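What follows is a set of notes on a single structure, which appears directly below.
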Amino acid sequence: MPAASTDLRKELNGAEEDGPEHDARIFGEVTDLFLSNVGRLGDSQIAAVDGVLAHLIARVDATTVIQLSEALATIDRAPRQTIRQLAFHEQPQVAAPVLRSSGCLSEADLLEIVKSRSQQHLLAICDRKALNEALTDALMRFGDVNVSNALARNAGARFSECGYATLVGRAERDEGLAEKLGVRLDIPGSLLRELIGKVADVVRARFLTAPRPVVRGKGSAAAAGQSGAARKAIDYTQAQSEVVALNRTGKLNDSIVNRFAVRGEYTHVVAALALKADVKVEAIEPLLEPDRVYGLIVACKAARLTWSTTTMIVRNRPNCPPSTDRELEQCVAVFESLLLSVAQWTIRFGSDRILAKKNEPAAVSTAANGKLSRSA
């Protein structure tokens, strides 16, 4: 870029002149030149830009610097010293964009910021796509309750055993944190067991019956969507009649439900769980989705099924990806941590929430029609 290079050199040569207006003009022009030509600049040119911008950051107004931070946050070849100056800026609004997204910051930079800057700086770091154990340990050591919640919400954050134990300890006094931890895919089974034992009944019921993230293999998301659409049209009338008849004669036992699961007869599995857990079929059906496995475990426990049968039900769910070892470890923790009475209360609590959510569209539609009628 010969023309751009010439213009850039002229601006750089005049960057040391005095005056805030001149500083702001040079800052803006050098920024524009860099952003317009970043793909064509050589290392020496980027270094020259770096020298000017890093020098002027403290001499221009914060609004202009925030715009620079936002512009540079996702650029891999951003000027490194400028990025560092932005990240360490005392105003969190300036630092936040690069702290959240810039790949030009080293782990050492981030650790230093964690130890020396405000809670707002730490919260911005918590939003990075990936955080290793050293960073999450430091963030928990220097961060407040908001930082803990932000970390628990970040699926890309990785925790040491000590870090997870710290979060579980804090969750006993923080319902929001407990619910976020309860649905994490990477929480160890032993700590999930501890979390289940620490929190209040309602909090436990919320995260055990809530959807949780799912790692899907190629094409499985589409399959899950198709299965969800298909299940809406399933008629359970015959299956319900059959399981009621089996129950009346005392034959609706663990081995029968196990056989339903092995054969893939999930209309009968759903009907049997609903009858034995004393909830509606409509509340059990969504639990067959990949993101509701904890709710399914609770339903099986409430239905007095053994872990062996519960495992068969989980493993043979239609259109679901195979369970990972970690997921099965978590499922065991849920199953073994719940007393029968707690499981029965929890599934009824979850059932009420699921049915209420299903009825929301109908309620909204009725209300809207009512307004239209009155206006007419």
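Arrange the peptides 143-149, 57-63, 329-335 so that the one whose residues have, on average, the most other Cβ atoms within 10 Å appears first.
Details: 143-149: 17.7, 57-63: 13.6, 329-335: 21.3.
Per-residue mean Cβ counts within 10 Å order the peptides as 329-335, 143-149, 57-63.
Report, in listed order, any pair from 198/301; 198/280; 129/358; 280/357 with a Cα-Cα distance greater than 23 Å.
Cα-Cα > 23 Å for 198/280; 129/358; rest within.
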At a 1.4 Å probe, what is the % contribution of carbon and sulfur to the accessible area of the stretch 93-196? 48 percent
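Please compute the length gained on full extension between residue 353 and residue 43, using 0.36 nm multiplied by the number of residues separating them and subtracting their Cα-Cα distance. Mind dumping the intermediate values first?
Values: separation 310, 0.36 × 310 = 111.60 nm, distance 5.79 nm.
Computed gain between residue 353 and residue 43 is 105.8 nm.
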Taking N as the residue count of the stretch 45-178, its alpha carbon Rg divided by 2.2 N^0.38 Å gives 1.11
Accessible area (Å², per residue) of the chain, counting only protein heavy atoms and a probe of 1.4 Å: 49 Å²
Take the Cα of residue 245, step 7 Å along the line toward its Cβ, and report every residue of the stretch 259-287 whose backbone nitrogen sits under 13 Å from that point. none
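Between residue 129 and residue 304, what's the calculated FRET efficiency when r is the beta-carbon distance and R0 is 35 Å? Round to 0.05.
Working: r = 43 Å, r/R0 = 1.24.
The formula returns an efficiency of 0.20 here.
Let's test the formula: R0 of 25 Å, r as the Cβ-Cβ distance of residue 161 and residue 234. What FRET efficiency results, to the nearest 0.05?
Details: r = 43 Å, r/R0 = 1.72.
Efficiency at R0 = 25 Å is approximately 0.05.
Once Rh for the stretch 33-96 is found with the Kirkwood sum over Cα pairs, what is the Stokes-Einstein diffusion coefficient at 20 °C and 1.002 mPa s, in µm²/s?
After rounding, the answer is 182 µm²/s.
Quick one: net charge around residue 104, please, counting Lys, Arg +1 and Asp, Glu -1 for every other residue with C-beta under 15 Å from its C-beta.
Values: positive: 77, 80, 84, 100, 128, 129; negative: 43, 50, 70, 76, 107, 109, 112.
After counting each charged neighbour, the total is -1.
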For the chain, with +1 on Lys and Arg beta carbons and -1 on Asp and Glu, the positive-most of 240, 126, 27 along the dipole: 240
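Relative contact order (percent) for the stretch 267-366, with alpha-carbon contacts under 8 angstrom and 6 or more residues of separation?
Numbers: 84 pairs, mean separation 34.1, N = 100.
Across the stretch 267-366, relative contact order equals 34 percent.
Among the trypsin sites (Lys or Arg not before Pro) in the stretch 251-360, which ones are in a DSSP loop with at most 16 other Cβ atoms within 10 Å of the Cβ? Mind listing them?
On the way: sites: 251, 259, 263, 276, 280, 292, 301, 304, 315, 326, 348, 353, 357, 358; in loops: 251, 280, 304.
Loop-located and lightly packed - 251, 280, 304.
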Which of the three applies to the stretch 255-322, rounded, prolate or oblate, going by the alpha-carbon gyration tensor with a ≥ b ≥ c and a/c under 1.5 meaning rounded? rounded
For residue 131, other-chain or 5+-apart residues with amide H closer than 5 Å (H placed, Pro excluded) are 157, 158
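Using the Cα centre as the reference, give the magnitude of the dipole from point charges on the C-beta atoms of the chain (Lys, Arg: +1; Asp, Glu: -1; all else neutral), rounded to the nearest 20 debye.
So the dipole magnitude of the chain works out to roughly 2160 debye.
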Kirkwood Rh over alpha-carbon pairs of the chain plugged into Stokes-Einstein at 25 °C, 0.890 mPa s gives a D in µm²/s of 100 µm²/s
Enter the accessible area of residue 106 (Å², nearest 10), with the probe set to 1.4 Å and all protein chains included. 50 Å²
Suppose only helical runs count, i.e. DSSP H with n ≥ 4. What mean residue ellipticity at 222 nm does that imply for the chain under -39500 (n - 2.57) per run, divided by all residues and rounded to the nearest 500 deg cm²/dmol? -21500 deg cm²/dmol
Under 13 Å from a point 7 Å along the Cα-to-Cβ line of residue 35: which residues of the stretch 54-70 have their amide N that close? 64-70
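How much length, in nm to one decimal, is gained on full extension between residue 210 and residue 146, taken as 0.36 nm per residue of separation minus their Cα-Cα distance? Don't jump to the answer; show the numbers that get you there.
Values: separation 64, 0.36 × 64 = 23.04 nm, distance 2.19 nm.
Gain on extension, residue 210 to residue 146, equals 20.9 nm.
Starting from the Cα-Cα distance between residue 173 and residue 282, subtract it from 0.36 nm times their residue separation and give me the gain in nm to one decimal.
Numbers: separation 109, 0.36 × 109 = 39.24 nm, distance 3.38 nm.
Between residue 173 and residue 282, full extension yields 35.9 nm more.
The values are calculated or read from the model by the stated rules, or taken from the named source; none is laboratory data. The structure presented is a predicted model; accordingly, all values stated were derived computationally and were not measured. Methodologically, a virtual Cβ is constructed for each residue, glycine included, from the backbone with ideal geometry; neighbour enumeration extends over all protein chains shown. Protein only, heavy atoms only, side chains kept; ligands, DNA and RNA dropped before computing areas. Shrake-Rupley method; radii C 1.70, N 1.55, O 1.52, S 1.80 Å.
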